[in-house]
Every structure is written in structure tokens, then in C-alpha cells.
Amino acid sequence: MALLPSKSLVFTVRRQEAELVVPCEPTPHECKPLSDVDDQEGHRFHVRGFHFHQSNLSMKGQDPAKVIKEALAKALVFYYPFAGRLREGPNRKLIVDCTGEGVLFIEADADVSLVDFGDELYPPFPCAEELLYDVPGSNGLLNSPLLLIQVTRLKCGGFIFAHRFNHTMADGTGLSQFMTAIGEIARGALVPSTPPVWERHLLSARDSPLITYQHEEYSHNTSGPENGTIIPTDNLVCCSFLFRQSHISSLRRFVPHNLRCSTFDILSACLWRCRTKALELDPNEDVRLICIVNARFKFKPPLPLGYYGNALGFPMASSSVGKLTQNPLAYALKLVKQAKTKVTEEYMKSTMDLLVTRGRPNVKLVGSYIVSDLTRAKFKEVDFGWGEAVFMGPETCWELISFYIPSKNKKGEDEIIVPVCLPASTMKSFVKELEDMMKDEPTVHADI
């Protein structure tokens, strides 16, 4: 495990005025309801992400902002709901009004080169608010642009593609599909290789709702705050941790021979346990790990290829602090594996029925730690003509969620970057807990 050092890079970004990019051909003006998975409370926010692209001699003389903007206008013909605006109907139902008003686009220049960001690219990024500018008045949930893109040209000929999108419209798989379409069109395709599929009714509640699971992952307390310790949000520290294959192999020392587990399983169990120990909570308090699971292939038949809406399940593992921290890692590992197996077609249907009948609640946040695996998403394969991104992932760290971001070292070996956000004193304890787990592996130290 390597704790990646914080960066203090300072540079200037010169932005042009934001403009609206509309579909380059007429598109239907219609109202399209989102699914009951899409519009749950936990999706009603904007997600921000960065993609770093190197210069490419074959694209010399080409302007990435111009190329991407033109491709975006063409891609929006196929993905025209992104050019619309959200409205809210009865019972908090969200509907896309396909007005064709367009998405926000900003082009910019920065007096910095890709190499200045260092050998490893990871969040939090310096000057992030300049590389993805929040246009005033544009970040509301309703009646606002559903997507903002900023392309910042770098001195070296590379560029940063930054995006902010409304999570109710798509999950990571859906967004990467849309961005792949932009890339394909930028490279000369006339149509996307994967035609987009709306079909949001496939993930809507049954006519006669029937909740068949307990769904402890969702908040049922509508009369007051949830019980549990709330992590203080002052003096938070964001750090990224690098896990090499050797680190994952080291963790497998704690896995019983008869227990098969994935990298996601063992990394999630390790982080959950170490984080809980570092927080020093009451041993009798309950804590939760919420896994974000792509449920596209849990249905029979699977959701159509090209479906770009949210298709996520949020299964939860739960334990008392005492049992989680005092038992071997295998205890947490079994809980993670059991949680993932909950996600079936019936589980998803039960989830939709719960969301509709209980006012589209959020997942439980107090006492929870959320993990999301981006290593199988195809963001990094998006190619606007300059090749695949050398980094793709969130622009910063969040208090309650960690993303598993794919990376490669100079030898081409797969690695995983995990951003973590904790109070400063807790972060020091968290690092120590991880070091103890990895004591047979060298650890890179940095001041916190």
C-alpha cells in the first residue's frame, strides 16, 4: 500500500465563456420519465470527473476542444435527452423534458503540462475548480443543464476533459457509453457502435408494489435523524492510496483457503475494517458497508445492450464495531461476499417497489461507508482521437465513498487508486491500520 503524497501545483486557467451545445439535427420534443431507480434521493446530485489525455503526434494541428464540441453536437442527436431539462411531477417523479436546449461547454487553456502533475495522477487535483468551472446558476437538479463539459488544453499538447453530469440520467456504465459515442464520432464514425436504449420502464416499480426484501440499506426513519455516530466534517483530509498486485496478494494471506474472493471483495473488507478501527467508535454501535453493484446482467433476460440509465443495486453488509474490528479479516470478507449475492432480479424489483412506496428515500448514510468499483467501467477506453486517457476518475474525495480507480504502472501492470476522506487525526490512524495489514510490504510515507 502506498500513500500518495499531496500536490501543491499552482497554475493559471484561462476560460472562454460557457456556451450551450445543441444537437446538430432536429430531435424529438417529448417528455420521458426516468426510471424508479434513476430518481431515488441518492442519485439527485451532480458527479464530477476528470480525464487526462496525452498529446499525440498524429493529431498535431487539431484542436481537442473543437473536435470534441463538434462530436458532442452529433452525439446529442442520438442521446437527445441529455440536451433537455429535468422537471418534477407528482410523488417526486422526475421527467426529462426533451427541449433540445443543450449541454454546457467550456473551452480553456492552462499554462501547465501533463508532466507537471507527476508520474501518478490521482485525486484530489490542484486547481480542480478551475479545470471544471461551475457556471453560476447551472448546477440545480431541476430546470438546469444535465451535463457540463470543459476541455482544457495544456502546454504540452495534451488536454483535460472534465465533466459534471446529473446522476439521475445515467450511472457510470451509461455515461461511459455516451462518452464512447462522442469519441467514436470524433474519430469519424457516423453513428455510435452501441445504439443508445432508453427503455426506463424496465426499471420501474410493479403495478402492485411488493417489497420482498428487508432493504436495510435504505433509510426508513422519516421522522428524525438516523441513529449512529456522524463523522465530523471539519478538518477533513483527502488522501489517495495506491494498491499494487503485490499488496492484494499480501492481503490474501488472511483469506481462508476454502474462501474464493475477488480483488473487490478483499480490498473492500480491508478498507472497511481499517476505517472502522481508525474511527474508534463504540464497540456496540452498528456500522455498514454499502457496495455499488451493476445489476444489468442480474435480470433474465439482461437489460438491453445500450441501456444507459442507472442500473445500480446498493446491497449492504452490517456488523457491530466490536465484531468487525476484533474478528479476523475473513469475517468482514464473508459479510462483503454475502452482501453482493443479494443483488438479483427480484431484489432489484423489490428495491423499485420500496423506492416508490416510501417516497424515494436515500441509502443510510450515518455509520455507512460506500465503495464503488470503476475498474470495469470503460471510461479509460474513451478515445477522442488522441488515444485512451492516462487517468480517468473523480476530481476529489468524498467523506463517505471511495472509488476504485484503475491505473497502470510503467511496466503496464494493473494497479488500483483509492481516494479516502477522513478527519486528519483519524487519517493517521487509518494509515497505521493499513500499514499493519501490509507490514510485509514497503509503504511510501508522506506527511498528512
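The values are calculated or read from the model by the stated rules, or taken from the named source; none is laboratory data. All figures in this text were calculated on a predicted structure; none of them were measured in a lab. With ideal geometry, Cβ positions are generated from the backbone for all residues, glycine too; neighbour counts draw on all protein chains shown. Side chains are part of the model used for accessible areas, which takes the heavy atoms of the whole protein and leaves out ligands, DNA and RNA. Shrake-Rupley method; radii C 1.70, N 1.55, O 1.52, S 1.80 Å.
For this structure, a couple of remarks:
- Rounded to the nearest 20, the Cβ-based charge dipole of the chain about its Cα centre (Lys and Arg +1, Asp and Glu -1) stands at 1000 debye.
- At R0 = 41 Å, FRET efficiency that the Cβ-Cβ distance of Q54 and L236 yields, to 0.05: 0.80
- Distance from the Cα centroid of segment 130-167 to that of segment 295-332 is 30 Å (rounded to whole angstrom).
- Cα shape, segment 148-212, gyration tensor, a/c 1.5 rule: oblate
- For the chain, accessible area per residue (1.4 Å probe, heavy atoms of protein chains only), Å²: 43 Å²
- If you bin all the Cα-Cα distances of segment 293-370 at 10 Å, starting from zero, the percentages per bin are 15, 40, 30, 13, 1.
- Toward the positive end of the charge dipole of segment 1-41, with +1 on the Cβ of Lys and Arg and -1 on the Cβ of Asp and Glu, the farthest Cα among S8, P28, Q40 is that of S8.
- Taking θ as phi - 60° and the Karplus parameters 6.51, -1.76 and 1.60, the scalar couplings of segment 37-50 work out to 7, 4, 9, 5, 4, x, 9, 8, 7, 9, 9, 10, x, 10 Hz in sequence order, x denoting glycine and proline.
- Segment 11-203, dipole about Cα centre (Lys/Arg Cβ +1, Asp/Glu Cβ -1), debye to the nearest 20: 240 debye
- At the residue level, S204 shows approximately 40 square angstrom of accessible surface with a 1.4 angstrom probe and all protein chains present.
- Whether segment 216-438 is rounded, prolate or oblate, judged on the alpha carbon gyration tensor where a/c under 1.5 counts as rounded: rounded
- Radius, Kirkwood style, for segment 174-290 when every pair of distinct Cα atoms is counted (Å): 20.2 Å
- The chain, accessible surface, carbon-and-sulfur percent (1.4 angstrom probe): 51 percent
- Length available on full extension from E88 to K323: 0.36 nm per residue minus the Cα-Cα distance, which gives 80.2 nm.
- Dipole magnitude for segment 216-438: computed about the Cα centre from +1 point charges on Lys and Arg Cβ and -1 point charges on Asp and Glu Cβ, it is near 720 debye.
- Separation between Cα centres of segment 369-417 and segment 258-277, rounded to whole Å: 19 Å
- Residue-span extension gain [S208 to R14] - 0.36 nm each, minus C-alpha spacing: 64.4 nm
- DSSP-loop chymotrypsin sites (Phe, Trp or Tyr not before Pro) across segment 6-101, with at most 14 other Cβ within 10 angstrom: F45
- Probe 1.4 Å - accessible area at C24, Å² to nearest ten: 80 Å²
- Using the rule -39500 (n - 2.57) for each DSSP H run of four or more residues, divided by the residues of the chain, the 222 nm mean residue ellipticity is -7000 deg cm²/dmol.
- The shape of segment 308-448 comes out oblate: with a ≥ b ≥ c from the C-alpha gyration tensor, a/c is at least 1.5 while a/b does not beat b/c.
- With pairing defined as another cysteine C-beta under 4.7 Å, the cysteines of the chain that fail it are C24, C31, C98, C127, C156, C239, C261, C270, C274, C291.
- Reachable lysines, given that their alpha-carbon falls under 27 Å from the alpha-carbon of K432 and they are not under 8 places away in the same chain: K7, K277, K323, K334, K337, K408
- Largest to smallest accessible area among K155, K364, K334 [probe 1.4 Å]: K155, K334, K364
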